[in-house]
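Since the structure comes first, as structure tokens, the remarks are kept for the end.
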Amino acid sequence: GAVVSQHPSWVICKSGTSVKIECRSLDFQATTMFWYRQFPKQSLMLMATSNEGSKATYEQGVEKDKFLINHASLTLSTLTVTSAHPEDSSFYICSATQETQYFGPGTRLLVL
Amino acid sequence: DQQVKQNSPSLSVQEGRISILNCDYTNSMFDYFLWYKKYPAEGPTFLISISSIKDKNEDGRFTVFLNKSAKHLSLHIVPSQPGDSAVYFCAASGGTSYDKVIFGPGTSLSVIP
């Protein structure tokens, strides 16, 4: 199956800093990628749809100015958590589509 | 409002027996359904999918059944193996695999040796 990678896998940062998470489709091109967030013992919640060459589409309740998404190429989408706070601590997962959605391994963010 | 529901948060099954995981949805616009398996601190792994024009799809030990009139689907795993122990997410999307996917809350399956 298709491979999606995420970098970094773990990040710990201080409150108020910004964190960038990369999502790459390694062996295929993806015009659309998705960003999800999962809190402990909860389901994956869709945050936004990332479209190559255009603005991301955010789900209701997700602050677009806080979670900046850039889909600069057909194999890379980035999610930047700006001015991170402890409540942003979560597991962030991206996905890319090739016939079906393939998910990255996730990025664990801990904001101190 | 939860559009995809998995009413059993957990399920325990003896090795070799059948595991049946259930899922209900409310949005009649959903046209494509997927099951994912997930281990802690990892991304979900695609298992099997079904489009609304079918009522059954089989792949090895995994079979998904869809009852569109009841807005219900189920995943059957037979025979169950200890390595199947994980959280299983039912998911639905609008019509193609390129549409956004809405996940259910998940069912934690434990297969007891």
Q. Which value, to two decimals, describes the C-alpha radius of gyration of the range B:32-113 once divided by 2.2 N^0.38 Å?
A. 1.08
Q: Quick one: Debye curve from the alpha-carbon atoms of the range B:11-67 only, equal weights, vacuum; give me log10 I(q)/I(0) at q = 0.12, 0.23, 0.24 Å⁻¹ to two decimals.
A: -0.35, -1.11, -1.16
Q. Applying the Karplus parametrisation 6.51 cos²θ - 1.76 cosθ + 1.60 with θ = phi - 60° to the phi angles of the range B:10-24, what ³J(HN,Hα) value in whole Hz is obtained for each residue in order, glycine and proline being reported as x?
A. 8, 8, 10, 9, 6, 3, x, 8, 8, 9, 10, 10, 10, 8, 10
Q. Restricting attention to the range A:1-91, which trypsin sites (Lys or Arg not before Pro) occupy a DSSP loop and are surrounded by at most 16 other Cβ atoms within 10 Å?
A. A:K14, A:K41, A:K55, A:K64, A:K66
Q | Average beta-carbon neighbours from other chains, 10 Å sphere, peptide A:100-108 | A | 6
Q: Give me the lysines in straight-line cross-link reach of A:K41: C-alpha distance below 20 Å, same-chain residues under 8 apart excluded.
A: B:K5, B:K37, B:K38
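Looking at the calculated P(r) for the protein assembly as shown, what percent of the C-alpha pair distances fall above 22 Å?
51 percent
Express the relative contact order of chain A as a whole percentage, based on alpha carbon pairs under 8 Å and six or more residues apart in sequence.
Value for chain A: 37 percent.
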Q.
From the phi angles alone, apply the Karplus equation (6.51, -1.76, 1.60; θ = phi - 60°) to the range A:92-101 and give each ³J(HN,Hα) in whole Hz, x where the residue is Gly or Pro.
A. 9, 10, 10, 9, 9, 10, 9, 6, 9, 7
Q) So what are the ³J(HN,Hα) numbers for the range B:53-69, from phi and the Karplus equation (6.51, -1.76, 1.60; θ = phi - 60°), rounded to whole Hz, Gly and Pro as x? A) 7, 10, 10, 7, 9, 10, 8, x, 7, 9, 9, 10, 10, 10, 10, 5, 5
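Report the semi-axes of the equivalent ellipsoid for the range A:9-85 in whole Å, largest first, where each axis is √(5λ) for an eigenvalue λ of the Cα gyration tensor.
Those come to 20, 14, 14 Å.
Since every read-out is calculated from the coordinates, none of them should be taken as a lab result. Remember, predicted model here, so these are calculated numbers, not experimental data. So basically every Cβ, Gly included, is an ideal-geometry build from the backbone, and we count neighbours across all protein chains shown.
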